[in-house]
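So the structure is just underneath, and the comments pick up after that.
The values are calculated or read from the model by the stated rules, or taken from the named source; none is laboratory data. Every value quoted in this text rests on a predicted model; they were computed, and no experiment measured them. Neighbour counts are summed over all protein chains in view; Cβ atoms, including those assigned to glycine, are modelled from backbone coordinates with ideal geometry. Calculation scope for accessible area: heavy atoms of the full protein, side chains included, ligands and nucleic acids excluded. Shrake-Rupley method; radii C 1.70, N 1.55, O 1.52, S 1.80 Å.
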Amino acid sequence: VQLVESGGGLVQAGGSLRLTCAASGGSFSRYNMGWFRQAPGKEREFVAHIRMSSDSTYYGDSVKGRATISRDNARNTVYLEMNSLKPEDTAVYYCAASRSLFIAISHSQYDYWGQGTPVTVSS
């Protein structure tokens, strides 16, 4: 499975954005999907997870209430919408696909990764 993220860029604090991850080369609907982020000098951090049928979502504490993950299996695409952005949301955001049948919040549970899209939130 190949994953390509888009939608990153420079955003002012308090603003919003929508990241898109386009998948190809596999049965997208059979994968649980996730978003992670990594800020300079920090470890990769879990952001959000969505099950293959969209019947369950899960969010990291740092984005809970500000983020929404969704997917369109017909378009092989997963989205991450974030609002009330803060400078500490600045990071490279990665899309990932997991074959695990369980909620996947650890990067080790994911099998495929995109190259990432950078997000910078200015104060």
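Of all residue pairs spaced 6 or more apart or on separate chains, those with beta-carbon atoms under 8 Å, a first member in region 44-57 that is open to solvent by 70 Å² or more (accessible area, probe 1.4 Å) and a second member that is at pLDDT below 95 are Arg44/His107; Ser53/Ser29. Taking the criterion of being among the charged types (D, E, K, R) and surrounded by 15 or more Cβ atoms within 10 Å (Cβ to Cβ), the only residue of region 23-43 that qualifies is Arg37.
Among the numbered conditions (1) open to solvent by less than 40 Å² (accessible area, probe 1.4 Å); (2) within 18 Å of Leu10 (Cα to Cα); (3) more than 11 Å from the chain's Cα centre (by Cα); (4) without any contact (Cβ under 8 Å) to a residue 60 or more places away in the chain, the only one that Ala67 does not meet is (3). Would you be able to say whether some residue in region 6-22 is crowded, with 19+ Cβ neighbours inside 10 Å and over 14 Å from Glu81 (Cα atoms)? No: zero hits.
Of all residues in region 78-90, those satisfying the criterion of being open to solvent by less than 70 Å² (accessible area, probe 1.4 Å), free of Cβ contacts under 8 Å to residues at least 60 places away in the same chain and over 11 Å from the mean Cα position of the chain (by Cα) are Asp89, Thr90.
What's the total number of residues in region 52-72 that are modelled with pLDDT under 95 and at negative phi?
So the first thing to find is which residues in region 52-72 are modelled with pLDDT under 95, and the list is 52-56.
Add one more test, that the residue is at negative phi, and what stays is 52-53, 55-56.
The number of residues fulfilling the criteria is 4.
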